[in-house]
Amino acid sequence: MSLCVRRGFLWPAVDIYGGFAGFYDYGHNGALLKRRWEDLWIETFLGLGENYHLLDTTTILPEAPLRASGHLEHFTDILVTCTRCGESHRGDHLLEAVTHEEHEGLTPAEVDAKIRELGIRCPKCKGELGPARPFNMMFPLAVGPAGKELAYMRPETAQGVYLNFKREFEALRRKLPLGLAIVGRAYRNEISPRQGSYRMREFIQAELQIFMDPATFADQLPFADVAGVPVRIAWAAEKAAPTAQEIPARELVARGLPAWYVYHLVEVQRFYLDLLQVPRDAFRFAELDEKERAFYNKIHFDVQLRQESLGGFKEVGGVHYRTDHDLKGHEAISGEKQSVTVGGTKIIPHVLELSFGVDRNLWALLDLGFSKGERSILRLPARLAPVSAGVFPLVNKDGLPERARSLHDRLRRHLTVFFDDSGSIGRRYARMDEIGTPYCLTVDHETLEGKGVTVRERDSQRQVRIRDDNLVSVLSALLSGKTRFGEQA
Ligand code: GAP
């Protein structure tokens, strides 16, 4: 967190007034990192199908759709309040702090019984804890001057997609699968926001809803291409251990998971391992059993990344088979038919949801990428780094600053580059390493002789000399992964 604040990534919102629990602001580097992550996500996940598109819908929803989706009744955590100091606690967190195991999915009565059995008292004042009760996490709002219309901040982006499914189905090609994605804000009145940006009250989700017919979806996918890919899985009973098994995709299907579900596990894993360059052993899918999974899911594996700052594997996303739960619910309450006819079959489409928390993913990349030894360095994937290249004159004389300035001016029209002429060259490299800048360009005396600039790579610290008239295309190819460092020297 101290690096995040010092280097302009992220900090508690409203901090000049002492902060606002559960709310964070992104600074100049964080906002760029977020934008780049979102762009990569959109490119990757809309790329999964030819009929996949991006939407943008309202963040405030009236009560009826949230009743239909089940959020009004079921979107709850267990709240336990101290009878002495009035502090609020999440029931499962009170148990987790003592047993070091997860306790999601317990009823209030089960939480009460465990609190008694373990003799747990208020962590703040040691007072006696009151009875556990469900607490709805949605933020209510009164809309209009008289406040007559009850509404809520959306608790997930997904509902905006479901409400527009029929319209989009008609406007597009009347085909399944149809993929509709939103990258946008969601709001939850978390009982105890904590662990940096892990549990926030306002956060960003990137969610793709794939509407499909579960009977035919697998035939529409090239499953054979991924059948042999090992997928990193922690089954529900094993996920307390910090490990994962590598199970070939075809074997997961043989164990009963639908081929279309496993196909998407492979694609999500590819996003993390290949594009985000997460170390293999820091990635896994963790199965949620019937008690743990969200009320709308029939199959639910969380995407988890191992993060030192959060004490182990933590959820950053999920692969959810939501069945026809949401469209059926909206049909029942709105009275608007949600069924469609495809290939002569009339169905209410089922939904496979690929859901990601943007803030949690950014935090995980910062956690995984940061190392502090002799050098303090942030190993972000080159494409995501807020600043793509630093531009330095080797010394502040002999016309080098002017030449470096003109190079910077030329590059900044195409790339995010940072000019730095203060301090030793080593200190300038160090500042760029700490914000994850993958390349640093130094203008030296040989540059003036027409021999190009030196380009230094962040991780290896290797340097090559590259002609400065084609730096934009060289850097663009490096950032997109089309060429590797050294190949263009
Ligand atoms: N539409 C499905 C859905 O909302 P979820 O598991 O509740 O599922 C999806 O949320 C993702 O949103 C999570 O995997 C997590 O990355 C992110 N998320 C959920 N609650 C969050 C919170 N309080 N703060 C930050 N991110 C959160």
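Identify, please: which residue in the stretch 189-203 is near the ligand (Cβ under 9 Å from one of its atoms) and touching a Leu at 6+ places or on another chain (Cβ under 7 Å) and is, among those, farthest from Ala97 (Cα to Cα)? That would be Ser197.
Residue selection: Pro248 satisfies the criterion of being free of Cβ contacts under 8 Å to residues at least 60 places away in the same chain, surrounded by fewer than 18 Cβ atoms within 10 Å (Cβ to Cβ) and touching a strand residue (DSSP E or B) at 6+ places or on another chain (Cβ under 6 Å). Going through (1) surrounded by fewer than 16 Cβ atoms within 10 Å (Cβ to Cβ); (2) charged (D, E, K, R); (3) touching a residue at least 60 places away in the same chain (Cβ under 8 Å); (4) away from the ligand (no atom under 16 Å from the Cβ) one by one, Asp274 falls short only on (3). Taken over the stretch 16-43, the criterion of being buried (at least 19 other Cβ atoms within 10 Å of the Cβ), hydroxyl-bearing (Ser, Thr, Tyr) and out of contact with any Lys or Arg (no Cβ under 8 Å at 6 or more places or on another chain) is satisfied by Tyr24 alone. If we scan the stretch 275-282, do we find a residue that is modelled with pLDDT of 95 or more, closer than 21 Å to Leu208 by Cβ and not in a loop (DSSP other than H, G, I, E, B)? Within the stretch 275-282, one or more residues are modelled with pLDDT of 95 or more, closer than 21 Å to Leu208 by Cβ and not in a loop (DSSP other than H, G, I, E, B). Within the stretch 107-148, the set of residues being assigned to a helix (DSSP H, G or I) and without any contact (Cβ under 8 Å) to a residue 12 or more places away in the chain comprises Glu110, Ala113, Arg116, Glu117. Applying a threshold of 8 Å to beta carbon distances and a minimum spacing of six or more residues, or different chains, the list of pairs starting in the stretch 345-372 at a residue that is touching a residue at least 40 places away in the same chain (Cβ under 8 Å) and assigned to a strand (DSSP E or B) and ending at one that is near the ligand (Cβ under 8 Å from one of its atoms) and among the aromatic types (Phe, Trp, Tyr) reads Gly357/Phe203.
For the stretch 204-239, filtered to residues that are within 11 Å of the ligand (Cβ to nearest atom) and of a type in the set (A, V, I, L, M, F, W, C), the residue that is surrounded by the most Cβ atoms within 10 Å (Cβ to Cβ) is Leu208. Please indicate, with yes or no, whether at least one residue in the stretch 297-308 is outside any strand (DSSP E or B), more than 17 Å from the chain's Cα centre (by Cα) and surrounded by 22 or more Cβ atoms within 10 Å (Cβ to Cβ). Scanning the stretch 297-308, I find no residue that is outside any strand (DSSP E or B), more than 17 Å from the chain's Cα centre (by Cα) and surrounded by 22 or more Cβ atoms within 10 Å (Cβ to Cβ), so the answer is no.
Give Arg403, Arg458, Arg428, Arg465 a once-over and let me know the one that is in contact with a strand residue (DSSP E or B) (Cβ under 8 Å, 6 or more places away or on another chain), of a type in the set (Lys, Arg) and closer than 17 Å to Leu384 by Cα. Only one candidate passes the filter, namely Arg458.
Of the numbered criteria (1) at pLDDT 95 or above; (2) surrounded by fewer than 18 Cβ atoms within 10 Å (Cβ to Cβ), the one His264 fails is (2). In the stretch 316-365, the residue that is farthest from the ligand (Cβ to nearest atom) out of those that are closer than 25 Å to Arg284 by Cβ and out of contact with any strand residue (DSSP E or B) (no Cβ under 7 Å at 6 or more places or on another chain) is Leu365. The residues on offer are Asp459, Asp367, Asp398, and the sole one that is surrounded by fewer than 19 Cβ atoms within 10 Å (Cβ to Cβ) and farther than 30 Å from Leu310 by Cα is Asp398. Screening the stretch 1-81 for strands (runs of 3 or more DSSP E) wholly inside it with 2 or more residues that are within 16 Å of the ligand (Cβ to nearest atom) and within 21 Å of the chain's Cα centre (by Cα) returns the ranges 10-12, 24-26. Applying the criterion of being free of Cβ contacts under 8 Å to residues at least 60 places away in the same chain and under 11 Å from Pro123 (Cα atoms) to the residues of the stretch 82-94, the residue that is surrounded by the fewest Cβ atoms within 10 Å (Cβ to Cβ) is Cys85.
Specify which of the listed residues (Asn396, Asn470) is in a loop (DSSP other than H, G, I, E, B) and farther than 21 Å from Leu32 by Cα.
Asn396
The values are calculated or read from the model by the stated rules, or taken from the named source; none is laboratory data. The structure presented is a predicted model; accordingly, all values stated were derived computationally and were not measured. Every residue, glycine as well, gets a Cβ built from its backbone with ideal geometry; the counts of neighbours run over all protein chains shown.
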